[in-house]
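Heads up, the thing below is written out as structure tokens.
The values are calculated or read from the model by the stated rules, or taken from the named source; none is laboratory data. Only a predicted model underlies this, so the values are computations on that prediction, with no experimental measurement involved. So basically every Cβ, Gly included, is an ideal-geometry build from the backbone, and we count neighbours across all protein chains shown. Accessible surface is based on the protein model in full, side chains and every heavy atom, while ligands, DNA and RNA are left aside. Shrake-Rupley method; radii C 1.70, N 1.55, O 1.52, S 1.80 Å.
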Amino acid sequence: MPQVAAAVAERPPSATARQPAGGSDFAPLLRAVKEQGLLDHRIGWYTRSIAINALALIAVGAGMFFIGASWWVLLLAPVLSVLCARTAFIGHDAGHSQITGNRSVSRFLGLVHGNLLLGMSSAWWNDKHNRHHANPNHVEKDPDVAADVLVWTSTQAKLRVGFRSWLTRNQAWLFFPLTLLQGIAMKIYGFQDLRRQPPPERVVEGAFLVAHLVGYVTLLLATMPLGHAIAFAAIHQALFGLHLGLAFAPNHKGMEMPDPDGERWGHLRRQVLTSRNIRGGLLTDWFLGGLNYQIEHHLFPSMPRPHLRLVQPVVRAHCAAVGMSYAEAGFVDSYRQVLRHMYEVGEPLRVE
């Protein structure tokens, strides 16, 4: 790996900087990555990860049966929220074909980890997420920066009135509380998306979503009294949504946003300048599901998660060689940058 990084870095910046910031700048990086086999699948690694996660989920379920009549069972809710986030990361990787190149297997893994275990539609997620990857931070093409509960540009903010105006004025303060509802919201979005899907897909997606809902409610009511079940579900779903928010929020918010009326950016520029990496070690990798290597993930969406750390020095060196900025931030500082951006977006509404 160091040899590849050095080889990329040795290319004179002046020579590459004159090339269009697009595919021509990306091609040598792609060749280097392919030569190192970093796009090859890691089926063994994912098999172990899926098995460990499944066993951990079963263990928590068993614990709910053993101590469900006691309020101590609520201590398992945060554990389950973390495991559900792990499950979501596996479903995310399956949707990108990171686990295997077999579409049928990837589809099945997405249905099991998304629809069945989490109650989140994999078809809805893949459609939305693929559009995001194609044009990150593009206000007209990326659904993740569309004006909704929160807004991401001053232009969007100026159009807010009434209660939505109040939300925008205070969105930086409301961001983390709102993420507590993210898990529930994604379930609702999945059911709503069934109307968009063709009939065969709708039947399969819907069946798995209903199976999750029935199974989740049955598990809670079979293992603990109703009051315990309500409290358990509230804690579990809130912390699950918070975990997902912590994983997804720092990746793009506050980064460059392409001008819809400007020139079209090439792949390298489009993915690198709109993304932010999070510094950290193995614990950060684990907690954020590898999404802390957001730049590398966006450049190579099908790259297996364990290879993202390995390819980072290659990508960083290549960006330096072509004179392109490479954004990294510490764990806490990344959220500070996101909240600062949200606060600044809402500023015009606070001074009216």
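Worth a mention:
- Apart from one condition, VAL210 fits all of (1) over 26 Å from ALA134 (Cβ atoms); (2) touching a residue at least 24 places away in the same chain (Cβ under 8 Å); (3) among the β-branched types (Val, Ile, Thr); the exception is (2).
- Qualifying residue in the stretch 223-231 (condition: surrounded by fewer than 16 Cβ atoms within 10 Å (Cβ to Cβ), more than 27 Å from LYS141 (Cα to Cα), among the polar types (S, T, N, Q) and more than 24 Å from the chain's Cα centre (by Cα)): no
- Pairs are defined by a Cβ separation below 8 Å, a sequence spacing of at least 6 or placement on different chains, a first member in the stretch 323-348 that is assigned to a strand (DSSP E or B), and a second member that is open to solvent by less than 40 Å² (accessible area, probe 1.4 Å) and at pLDDT 95 or above; the pairs so defined are GLU328/ARG276; GLU328/ASN277; GLU328/ILE278; ALA329/ARG276; ALA329/ASN277; ALA329/ILE278.
- Residue in the stretch 264-271 that is surrounded by fewer than 16 Cβ atoms within 10 Å (Cβ to Cβ), closer than 18 Å to SER49 by Cα and without any contact (Cβ under 8 Å) to a residue 40 or more places away in the chain present: no
- Here GLU296 meets the list (1) within 17 Å of PRO28 (Cα to Cα); (2) in contact with a strand residue (DSSP E or B) (Cβ under 9 Å, 6 or more places away or on another chain); (3) in contact (Cβ under 8 Å) with a residue 24 or more places away in the chain almost entirely, failing just condition (3).
- Subset of the stretch 177-215 [closer than 22 Å to ASP148 by Cβ and touching a Leu at 6+ places or on another chain (Cβ under 7 Å)]: THR179, LEU180, GLN182, GLY183, GLY190, PHE191
- The single condition from (1) farther than 24 Å from LEU308 by Cα; (2) surrounded by 20 or more Cβ atoms within 10 Å (Cβ to Cβ) that ALA69 fails is (2).
- Only listed residue being without any contact (Cβ under 8 Å) to a residue 60 or more places away in the chain, of a type outside the set (S, T, N, Q) and closer than 19 Å to LEU339 by Cα, chosen from ASP144, ASP148: ASP148
- Residue in the stretch 172-188 that is hydroxyl-bearing (Ser, Thr, Tyr), part of a helix (DSSP H, G or I), open to solvent by 50 Å² or more (accessible area, probe 1.4 Å) and in contact with a helix residue (DSSP H, G or I) (Cβ under 8 Å, 6 or more places away or on another chain) present: no
- Considering residues of the stretch 274-297 that are of a type in the set (D, E, K, R) and assigned to a helix (DSSP H, G or I) only, the residue surrounded by the most Cβ atoms within 10 Å (Cβ to Cβ): GLU296
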